[in-house]
Ligand code: AGP
């Protein structure tokens, strides 16, 4: 996924565009670039790597442009090179485009344009979009080349109307399959930024004699207070004092701007060194805010009780950490409500002909609400007539607009690519749902939803630094680290393994402890590191057997557990708080998240922006 921004107003556009881009860098950091219009000239500047490279190139340059678009890239088509960096231009550099999404039929369009003599400089689908838009903008005119050259000159008598540009943009969109949020500059239109949106997020920010567009609200914080989340198929343009939004038939619509609920300090580091560190510390309050808001606003009661009274089949679908939250929900629902749960990775769900129908309830979990794999599953579930419920953390996300019911998590903006506080908030929302269904079906569960608050706060008196610093020294140079657990602890081990691998780049694998002897034990050799999670009362004995199995191969076992008397069996023991057994995820996950964070630092890596990843993957 990528981040795009646009600014038009009375101030210097480039510093503002760079500032807005910085707030979106979590969306991708393979390259960054911007285009600007100044006195009829169009400039394009791009650099490979993080945004700071573009900043450094531009910092001593005063470019008096008041209109600019910017892009920070997560590479989908084509390597992270300067040629592939956005913005991309048409054949005669009359227009420039920044794009978030994927043009799936770019290859066939590229062939058609090449047959017309148009040349390409990059491997990207976005350049194809730009070249096609340029072609559509001018090809209606019989003397295409002369016209093109004429428009290129400042004295062009053929002023293309904005309506004509929008029409060409609409035509281009209709020829492309896939997803896009695009911002376009057209030479000669120093006062206008054109846009279009389909399935990739794009919002408009309304200011005082200035207007913005961006992929997400963090880019608008501190600059405007109102935003509008564009709907699929909408296009239009922004000027200093005007915003025009049209539907797919180019009929002007009346966008309703909402107040931005996120506060600037929520997307700033404050006293923390990294967002991952800050967000781990916010885990407890994220859980409590989520549970309290669900209760206070009666969110669950908005879902008709009869949906849960009658028989239904339940499906949980998500990606990555969100799916790991879903696994906890599956475990709790089956264990406590005795209702079978189908659980799938979103990227698998779509292609397996899932057994969903009008009797199905489909739960979708997504921090961003923009993950393409999960969104496609929502579409499929709706086609099959299922009831769709989404757990999302970002307001006004595309997923929110698609489902029947939304159960919001209240973790606040999560900037670090590795999800920590949002994961715990998802658990808070999922336990709230289980508690709600239990009441409807008159089932007594063996956890009290009010104790989730205590479990979330249980780490408050624990300082893990000393123990974890020693453990980091033990593991930081390992090539592979194995996580083991049983039952609920195995599910937590999967999330802990993902956390550590995605920020430290150490190969991590989670294994059911009881499964080791059926093959994976062959991997366990002298001095290799095995991290064991043991929080479930009824599994202590069995897990101890597995720990002895591992010890007898000379491996080092690092235990995360509230049971103090087990440390004699292991190389290191992180004593975690003792809470209700069913609520242990809220207690044991924090030190595991801190371990991942500290290990990334020990390996001189940026925990907030791991290589090759992005905060939300808006492409399949
Ligand atoms: C989690 O640490 C990862 N960054 C990733 O697995 C993430 O959970 C996944 O991409 C799903 O994102 P979503 O919750 O925004 O849908």
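When you look at residue 340, is it more than 14 Å from the ligand (Cβ to nearest atom) and either over 21 Å from residue 586 (Cα atoms) or surrounded by fewer than 18 Cβ atoms within 10 Å (Cβ to Cβ) (or both), yes or no? Criteria met by residue 340.
Restricting to segment 315-329, give me the number of residues that are more than 13 Å from the ligand (Cβ to nearest atom) and closer than 18 Å to residue 496 by Cβ. Count: 2.
Residues that are surrounded by 17 or more Cβ atoms within 10 Å (Cβ to Cβ) and in contact with a strand residue (DSSP E or B) (Cβ under 9 Å, 6 or more places away or on another chain) within segment 244-268 comprise 244, 245, 246, 255, 260, listed in sequence order.
Working carefully through the options 564, 572, find the one that is more than 30 Å from residue 376 (Cβ to Cβ), away from the ligand (no atom under 16 Å from the Cβ) and loosely packed, with under 15 Cβ neighbours inside 10 Å.
Numbers: 572 fails: loosely packed, with under 15 Cβ neighbours inside 10 Å.
Result: 564 is the single residue among 564, 572 that is more than 30 Å from residue 376 (Cβ to Cβ), away from the ligand (no atom under 16 Å from the Cβ) and loosely packed, with under 15 Cβ neighbours inside 10 Å.
Return yes or no: is residue 86 touching a helix residue (DSSP H, G or I) at 6+ places or on another chain (Cβ under 8 Å), surrounded by 16 or more Cβ atoms within 10 Å (Cβ to Cβ) and modelled with pLDDT under 90? Spelling it out, it is not the case that residue 86 is touching a helix residue (DSSP H, G or I) at 6+ places or on another chain (Cβ under 8 Å), surrounded by 16 or more Cβ atoms within 10 Å (Cβ to Cβ) and modelled with pLDDT under 90. Scanning segment 595-620 for residues that are in contact (Cβ under 8 Å) with a residue 40 or more places away in the chain, part of a loop (DSSP other than H, G, I, E, B) and more than 16 Å from the ligand (Cβ to nearest atom) gives a single hit, 603.
For segment 439-472, the candidate set comprises residues that are more than 31 Å from the chain's Cα centre (by Cα) and not in a loop (DSSP other than H, G, I, E, B); within that set, the residue that is surrounded by the most Cβ atoms within 10 Å (Cβ to Cβ) is 467. Given the structure, is residue 348 without any contact (Cβ under 8 Å) to a residue 12 or more places away in the chain, within 16 Å of the ligand (Cβ to nearest atom) and exposed (fewer than 15 other Cβ atoms within 10 Å of the Cβ)? Criteria met by residue 348.
Counting only strands (runs of 3 or more DSSP E) that fall entirely inside segment 497-569 and contain at least 1 residues that are within 20 Å of residue 467 (Cα to Cα) and modelled with pLDDT of 95 or more, the qualifying elements are 529-533, 556-561. For segment 15-50, filtering for residues that are surrounded by fewer than 24 Cβ atoms within 10 Å (Cβ to Cβ) and under 18 Å from residue 220 (Cβ atoms) leaves 6.
Results for (1) near the ligand (Cβ under 8 Å from one of its atoms); (2) assigned to a helix (DSSP H, G or I), shown as yes or no for each residue.
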position: 364; (1), (2): no, no
position: 379; (1), (2): no, yes
position: 389; (1), (2): no, no
position: 396; (1), (2): no, no
position: 401; (1), (2): no, yes
position: 413; (1), (2): no, no
position: 422; (1), (2): yes, yes
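Put simply, of 329, 372 the only residue that is in contact (Cβ under 8 Å) with a residue 60 or more places away in the chain and closer than 20 Å to residue 618 by Cβ is 372. For segment 299-351, a residue qualifies if it is closer than 26 Å to residue 613 by Cα and not in a helix (DSSP H, G or I), and the qualifying residues are 316, 317, 318, 319, 343, 344, 345, 350, 351. Going through (1) within 29 Å of residue 373 (Cβ to Cβ); (2) in contact with a strand residue (DSSP E or B) (Cβ under 7 Å, 6 or more places away or on another chain); (3) in a loop (DSSP other than H, G, I, E, B) one by one, residue 592 falls short only on (3).
So is residue 505 in contact (Cβ under 8 Å) with a residue 24 or more places away in the chain and within 16 Å of the ligand (Cβ to nearest atom) or not?
So residue 505 passes the test.
The set of residues in segment 473-487 being part of a loop (DSSP other than H, G, I, E, B), closer than 18 Å to residue 604 by Cβ and touching a helix residue (DSSP H, G or I) at 6+ places or on another chain (Cβ under 7 Å) consists of 476 alone.
The values are calculated or read from the model by the stated rules, or taken from the named source; none is laboratory data. Nothing here was measured: the structure is a model prediction, and the numbers come from that model. Counting neighbours? That spans all protein chains shown, and the Cβs are built from the backbone with ideal geometry, glycine included.
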